[in-house]
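In what follows, a structure is listed as structure tokens, so that the remarks can point back to it.
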Amino acid sequence: MISPDDPHSDLREAATASPLVATPPHSFFGAPQCHDLDSFDHEVALLGVPYDQGSLIPYCRVGQSQGPNAVRTNPTFFYGGNPFDGPPDASKPCVGFVCVDDGQEYLRGVTMADIGDIVISPGDIKAFINTTTAVARRIAERGSVLVSVGGDHSVAFPLVRGMEPWGTLEVIKFDAHFDTRDTVGGSRYSHSSPIHRISELAFVERVTQLGIRNFASRESLAMADKIGSVVVPASEMHAKGPAQAVAEHAPAGKNVYLTIDTDFFDWSIVPGTVLPEPGGFTLQEFRECVQTIAGRSNIVGFDVVCLNPLVDTAWYGGVTTRLVSYVMAYTLGYLFAARTTSAADSAAPAAVGASRQV
């Protein structure tokens, strides 16, 4: 039911694209493709959001619309195990991967499908928002995890907007920048405003921002305070250790959505991000943060944004592109590992003679 004081009432009469998604020639991790959203019945939906019309031109290098295709063609592991065996059997789950660092196996038995790319209506921002929201909502209604690759950071708002079927939600953002401005250049839906728009969603309890650093406008600072966003600067994370800082601020026992900007990472390892910043983080530090979050709450979806393969390195198809693929794989791996552990703990009988609190 639409509230009469809906802050996004301007979207009510806007259209959606038809069809909602288009099927690309490749898939994320070589996973099976799902050509019909109505028949989707997998645990994970992999979605491309090839959109960079929310970027501020000429101040930003655009090309983020090429991100999904770049990641699809440069995977870190393959759903079926061996890409030379051809397309995987759509009826079988993922074979997973073994992490050499901890000796653990992740994602074996998880079912995924690539549902394609959001169809972009040229020049119609509101139609893009409604289309993306409609796709995200269909996945959330099925209780599946939505994993999206952007696209600039404006895509996070419609993706989170579609998470409403999950009920009360907390959003955790990995980013060097605030993205809290109300309007920029007359637009409420640019890559400078997704956190402000997300904070207006009635089902979003709180937004926590991790890794903010270097410079910020006074307006961004004021807006972050106004909307009640929890800000954990990079300086605090470096001083305490990223995992410890996250443990002190991340919610517990909640449904959580993650939005991950590639500029959260230090600019030395992400040449293909849109607004690179020094003083960032490594992949290992990010992994520790996600493991902490996954161990405390239920991650229901995440996006990785601001990959610009047009300015990435030529070596190995782009180091930033490959990093995004790692971010997706590890985040999914830790998410399902935490769910398995939680299910096992819930099923385990109470220890004999254990003390009880009354």
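Kindly indicate the residue of the stretch 1-45 that is among the charged types (D, E, K, R) and in a loop (DSSP other than H, G, I, E, B) and also modelled with the highest pLDDT among those meeting that condition.
Within the stretch 1-45, the first condition is being among the charged types (D, E, K, R), and the residues that meet it are 5-6, 10, 12-13, 36, 38, 41, 43.
Narrowing the set further to residues that are in a loop (DSSP other than H, G, I, E, B) leaves 5-6, 12-13, 36, 41, 43.
Numbers: D5: 84, D6: 91, R12: 89, E13: 86, D36: 94, D41: 95, E43: 98.
Out of the qualifying residues, it is E43.
Within the stretch 226-244, work out how many residues are within 22 Å of V204 (Cβ to Cβ) and aliphatic (A, V, I, L, M).
Counting residues in the stretch 226-244 that are within 22 Å of V204 (Cβ to Cβ) and aliphatic (A, V, I, L, M) gives 4.
If the Cβ limit is 9 Å and pairs must be 6+ apart or interchain, which residue in the stretch 118-131 that is over 12 Å from A15 (Cβ atoms) pairs with which residue that is open to solvent by 40 Å² or more (accessible area, probe 1.4 Å)?
Listed pairs, sorted by first residue: I118/A22; I120/Q53; P122/Q53; G123/Q53.
Given (1) within 23 Å of H35 (Cβ to Cβ); (2) assigned to a helix (DSSP H, G or I); (3) open to solvent by 30 Å² or more (accessible area, probe 1.4 Å), where does K126 come up short, assuming only one miss?
(1)
As an exercise: evaluate Y106 against (1) farther than 20 Å from S27 by Cα; (2) modelled with pLDDT of 95 or more; (3) of a type outside the set (S, T, N, Q); (4) surrounded by fewer than 24 Cβ atoms within 10 Å (Cβ to Cβ) and give the number of the one condition it does not meet.
(1)
Can you name every residue in the stretch 1-27 that is of a type outside the set (A, V, I, L, M), in contact (Cβ under 8 Å) with a residue 60 or more places away in the chain and farther than 12 Å from N130 by Cα?
Result: S3, P7, P19, T23, P24, S27.
Which of the residues belonging to the stretch 46-91 are without any contact (Cβ under 8 Å) to a residue 40 or more places away in the chain and assigned to a helix (DSSP H, G or I)?
F84, D85
Taking the stretch 1-19 on its own, how many of its residues are within 16 Å of P122 (Cβ to Cβ) and either more than 25 Å from the chain's Cα centre (by Cα) or open to solvent by less than 90 Å² (accessible area, probe 1.4 Å) (or both)? Spell out how you get there, then give the answer.
Keep residues of the stretch 1-19 that are within 16 Å of P122 (Cβ to Cβ), which gives 14-19.
Restricting the remaining residues to those that are either more than 25 Å from the chain's Cα centre (by Cα) or open to solvent by less than 90 Å² (accessible area, probe 1.4 Å) (or both) gives 14-17, 19.
Residues that pass the stated criteria total 5.
If you take the residues of the stretch 206-225 that are without any contact (Cβ under 8 Å) to a residue 12 or more places away in the chain and charged (D, E, K, R), which of them is farthest from I172 (Cα to Cα)?
Ranking the candidates gives R218 first.
Filter the stretch 271-310 for residues that are in a helix (DSSP H, G or I), touching a Gly at 6+ places or on another chain (Cβ under 6 Å) and open to solvent by less than 50 Å² (accessible area, probe 1.4 Å) and give the result.
Initial filter on the stretch 271-310 (in a helix (DSSP H, G or I)): 283-296, 309-310.
Narrowing further to those that are touching a Gly at 6+ places or on another chain (Cβ under 6 Å): 309-310.
Hit for the stretch 271-310 is P309, nothing else.
Can you name every residue in the stretch 166-190 that is surrounded by 24 or more Cβ atoms within 10 Å (Cβ to Cβ), of a type in the set (V, I, T) and in a loop (DSSP other than H, G, I, E, B)?
Within the stretch 166-190, just T180 meets the criteria.
For the stretch 232-254, what are the residues that are open to solvent by 40 Å² or more (accessible area, probe 1.4 Å) and within 18 Å of the chain's Cα centre (by Cα)? Steps first, answer last, please.
So in the stretch 232-254, the residues open to solvent by 40 Å² or more (accessible area, probe 1.4 Å) come out as 233, 235-236, 238-240, 244, 248-249, 252-254.
Answer for the stretch 232-254, where residues must be open to solvent by 40 Å² or more (accessible area, probe 1.4 Å) and within 18 Å of the chain's Cα centre (by Cα): just K254.
The values are calculated or read from the model by the stated rules, or taken from the named source; none is laboratory data. What you see is a predicted model; the values in this text were computed from it and never measured. In this analysis, Cβ positions are derived from the backbone assuming ideal geometry, glycine residues included, and neighbour counts consider all displayed protein chains. With ligands, DNA and RNA removed, areas are computed over all heavy atoms of the protein, side chains included. Shrake-Rupley method; radii C 1.70, N 1.55, O 1.52, S 1.80 Å.
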